[in-house]
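Here is the structure we will look at.
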Amino acid sequence: MAKPNRKGPQTRVDIYCARCRTQLFRYRKGGKGALVKCFVERIVKDYTVTPCICPGCGAEFARQTLIRGVPAYKIIGGKVVMK
């Protein structure tokens with residue numbers, strides 16, 4: 001399997017907690033679809049203290065995993081909002 005492009009897309013999106021609207025990430029996202037996973041190397045700015053836990057309300061919004069051999073966060077459906 002091919003690894004994701006390191007440089008990645010130029011489109012940057014802000015990712016917020018759906019529950020308390022706290023900003024979680026600034027992320028370089030490719031494509032037009034829904035946010036299903038976040039590759040750790042594409043995160044521009046990380047506002048979380050503990051990985052995958054919202055600093056505002058303490059809710060778990062993702063799970064750490066390896067996708068194509070690269071560390072990533074698998075987003076739990078409905079837990080984050082993208083702008």
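The values are calculated or read from the model by the stated rules, or taken from the named source; none is laboratory data. Predicted model only: the values in this text are computed from it and were never measured. Reconstructed Cβ throughout: ideal geometry from the backbone, glycine too, with neighbour counts over all protein chains shown.
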**Item:** In the range 19-39, the residues that are surrounded by 14 or more Cβ atoms within 10 Å (Cβ to Cβ) and aliphatic (A, V, I, L, M)
**Value:** LEU24, LEU35
**Request:** Within the range 42-54, identify whether any single residue is in contact (Cβ under 8 Å) with a residue 24 or more places away in the chain, in contact with a helix residue (DSSP H, G or I) (Cβ under 7 Å, 6 or more places away or on another chain) and in a loop (DSSP other than H, G, I, E, B), and answer yes or no.
**Result:** no
**Request:** Take the range 68-83 and flag every residue that is in contact (Cβ under 8 Å) with a residue 60 or more places away in the chain and of a type in the set (A, V, I, L, M).
**Result:** VAL70, VAL80, VAL81, MET82
**Asked** Do you know which residues across the range 1-24 are within 15 Å of the chain's Cα centre (by Cα) and modelled with pLDDT of 95 or more?
**Response** VAL13, ASP14, ILE15, TYR16, CYS17, ALA18, ARG21, THR22, GLN23, LEU24
